[in-house]
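> Before I ask anything, here is the structure I am working with.
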Protein chains: 2
Amino acid sequence: MKIQTECVPCLLKRIVFEAEQSTKDEKLRIKTVQNALRLLAELYDPNVCSATIATKVHKIAYETLGDNDPYKELKYASNKIAQSLVPLVNDLINCSDDPLRIAMLCSIIGNLMDFGIPGASEHPELLDEIFEETFVEDLGHDDTEEIKKILAKSKNVILFTDNCGEIVFDEILCRELKKFNPSIFLTVVVKGEPIISDATIKDAEELEFEEVCDEILTTGCFAIGVDFDKITPMLKKALERADLIICKGMANYEAFSETDYKPIAYLLRAKCTAIANSMSLPLNVNAVKLYQ
Amino acid sequence: MKIQTECVPCLLKRIVFEAEQSTKDEKLRIKTVQNALRLLAELYDPNVCSATIATKVHKIAYETLGDNDPYKELKYASNKIAQSLVPLVNDLINCSDDPLRIAMLCSIIGNLMDFGIPGASEHPELLDEIFEETFVEDLGHDDTEEIKKILAKSKNVILFTDNCGEIVFDEILCRELKKFNPSIFLTVVVKGEPIISDATIKDAEELEFEEVCDEILTTGCFAIGVDFDKITPMLKKALERADLIICKGMANYEAFSETDYKPIAYLLRAKCTAIANSMSLPLNVNAVKLYQ
């Protein structure tokens with residue numbers, strides 16, 4: 001997705017948010033916003049991918065703050081609160097006659113833990129309150145039947161994770177993908193370096209992802225979504241051999257929608273009109289959308 | 001008030017909003033946001049008043065759009081919906097044993113018609129729905145008793161209006177100010193040129209403000225709030241002789257808080273933490289706050 005006009009205030013709002021998370025030093029917060037604002041003014045180009053620009057703007061913010069992980073505490077809290085909801089998610093899946101679909105829905109609800117932007121949860125603790133009402137909303141776009149047809153004949157499946165918290169439910173989704181088709185080779189991808197509230201290898205290891213997938217790779221670098229110029233040869237190969245790519249969250253859509261990789265299933269909450277319009281979805285719906 | 005870090009995304013959000021109001025031409029919208037972003041990156045200085053910077057950024061947006069009044073339709077709709085609520089406001093005032101206080105509260109509710117920023121109404125039509133619940137919230141900060149003491153011995157009072165829609169209730173407030181102390185000389189100030197959703201002389205004339213006040217002046221120029229370097233000698237004199245200055249809305253606070261004019265009563269809805277923190281108010285409260 002190319003950067004939209006509305007991405008400009010949204011990205012800067014997140015920079016203000018991460019500066020506040022990182023430091024109480026008002027001068028440093030100001031310097032961070034100033035540097036990010038100046039760089040964004042230089043980089044803003046309607047022909048460039050939103051994720052590419054966001055990566056660079058977050059990079060200068062992190063450098064100015066001298067902090068390689070401003071979301072550290074929020075990420076920790078997100079994983080904790082999500083873990084407390086695992087028994088509920090498992091009950092919902094076990095009571096369903098379509099466990100894979102419910103696992104997808106629950107992993108999308110985790111996508112609300114995307115802090116510093118409108119349409120997302122403001123505090124990790126709120127997930128507890130909003131989980132059930134978001135579950136009842138169900139899927140606003142549902143391509144799960146088509147996806148199951150592809151999955152049934154897939155050998156290699158690759159899942160790109162998104163936020164902390166959400167990743168706890170992604171682990172359950174991995175389990176259900178394997179249950180649905182035990183013969184798939186499942187690759188899970190986390191971020192190569194800490195960036196916003198996204199999960200890294202540390203989270204995957206702590207959550208023992210090796211028990212639910214066959215391989216854990218990283219995006220290889222500091223990037224919102226995926227920087228395809230910097231991915232490792234191993235990830236490139238995994239992408240090329242994949243019979244199905246599953247992408248969690250908006251940033252992965254922003255990055256992958258600029259490529260030709262297919263088939264891709266996007267599992268996300270459409271939290272802004274830029275994404276909603278680009279994907280032809282209503283605003284603020286839980287969506288499972290397949291591009292093939 | 002000096003510009004705060006959070007003012008940066010908020011101001012750009014409003015620029016995106018006004019570009020969308022003004023034109024369907026996507027290229028022109030992009031150019032507008034690009035020009036505003038670049039200028040803001042140049043001007044951003046934590047030692048400068050937020051209203052001063054906002055004025056310049058809106059100016060370049062209007063110039064790029066080639067539109068001197070992007071909020072024209074919204075302003076018209078705001079006045080209409082507010083006028084439909086006048087009988088309700090009059091009933092509330094007439095049933096109260098403190099009519100001036102209720103008139104102040106109602107005029108603050110009108111301050112929700114401040115489009116394109118979080119915490120405000122998204123559509124004029126919503127005022128109808130949110131009026132009663134906002135009325136029930138009452139005043140979160142209430143200096144009306146102190147203000148009445150000053151009013152009782154005032155000769156010259158000056159009221160700086162804010163948005164369209166809101167101005168319909170300001171007219172009722174003027175009537176109540178005159179009822180409270182019929183001997184005051186009441187000056188009402190509107191904007192010198194159309195800027196965001198603020199009221200201009202056209203609105204004051206259409207609403208027949210001459211029937212409720214003694215004098216109508218304008219700020220004399222294109223400015224968020226007031227540009228004190230550009231006010232007319234007449235407005236300057238009116239300010240200097242005023243025994244009480246009443247300021248509606250956040251932008252007037254942003255501008256007047258950088259001056260020594262006193263006593264000032266701010267009547268506003270604290271819709272952002274920048275204003276709320278600066279005024280030591282909770283977020284999203286209706287406030288009547290006196291500085292003397």
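> Which count do you get for residues in the stretch A:50-76 that are open to solvent by 30 Å² or more (accessible area, probe 1.4 Å) and under 17 Å from the mean Cα position of the chain (by Cα)?
Adding up the residues that qualify gives 3.
> Please find, among A:Ile108, A:Ile172, the residue that is buried (at least 24 other Cβ atoms within 10 Å of the Cβ) and not basic (Lys, Arg).
A:Ile108
> Then there's this: Has the stretch A:33-47 got at least one residue that is at the interface with chain B (Cβ under 8 Å from one of its Cβ atoms), of a type in the set (A, V, I, L, M, F, W, C), part of a helix (DSSP H, G or I) and farther than 21 Å from B:Ala36 by Cβ?
Scanning the stretch A:33-47, I find no residue that is at the interface with chain B (Cβ under 8 Å from one of its Cβ atoms), of a type in the set (A, V, I, L, M, F, W, C), part of a helix (DSSP H, G or I) and farther than 21 Å from B:Ala36 by Cβ, so the answer is no.
> Now for a different question. So, in the stretch A:175-222, exactly how many residues are in a helix (DSSP H, G or I) and hydrophobic (A, V, I, L, M, F, W, C)?
5
> Can we say B:Cys10 is out of contact with any Pro (no Cβ under 7 Å at 6 or more places or on another chain) and more than 10 Å from chain A (Cβ to nearest Cβ)?
Spelling it out, it is not the case that B:Cys10 is out of contact with any Pro (no Cβ under 7 Å at 6 or more places or on another chain) and more than 10 Å from chain A (Cβ to nearest Cβ).
> Quickly run through the stretch A:48-69 and pick out the residues that are within 14 Å of chain B (Cβ to nearest Cβ) and either of a type in the set (Gly, Ala, Ser) or within 20 Å of A:Lys191 (Cβ to Cβ) (or both).
Correct list: A:Ser50, A:Ile53, A:Ala54, A:Val57, A:Ile60, A:Ala61, A:Leu65.
> Let me ask something else. Quick one: B:Leu127 ticks every box in (1) open to solvent by 10 Å² or more (accessible area, probe 1.4 Å); (2) free of Cβ contacts under 8 Å to residues at least 60 places away in the same chain; (3) in contact with a helix residue (DSSP H, G or I) (Cβ under 9 Å, 6 or more places away or on another chain); (4) closer than 21 Å to B:Leu283 by Cα except a single one, so which number is it?
B:Leu127 satisfies every listed condition except (1).
> Kindly indicate the residue of the stretch A:21-34 that is within 27 Å of A:Ile275 (Cα to Cα) and within 26 Å of the chain's Cα centre (by Cα) and also most open to solvent (accessible area, probe 1.4 Å) among those meeting that condition. Reasoning before the result, please.
Going residue by residue through the stretch A:21-34, those that are within 27 Å of A:Ile275 (Cα to Cα) are A:21, A:32-34.
Adding the requirement that they be within 26 Å of the chain's Cα centre (by Cα) leaves A:21, A:32-33.
Numbers: A:Gln21: 80, A:Thr32: 0, A:Val33: 3 Å².
Residue satisfying both the conditions and the ranking: A:Gln21.
The values are calculated or read from the model by the stated rules, or taken from the named source; none is laboratory data. Note that the structure is predicted; figures quoted are calculated from it, not measured. We place every Cβ from the backbone using ideal geometry, glycine too, and count neighbours over all the protein chains shown. Side chains are part of the model used for accessible areas, which takes the heavy atoms of the whole protein and leaves out ligands, DNA and RNA. Shrake-Rupley method; radii C 1.70, N 1.55, O 1.52, S 1.80 Å.
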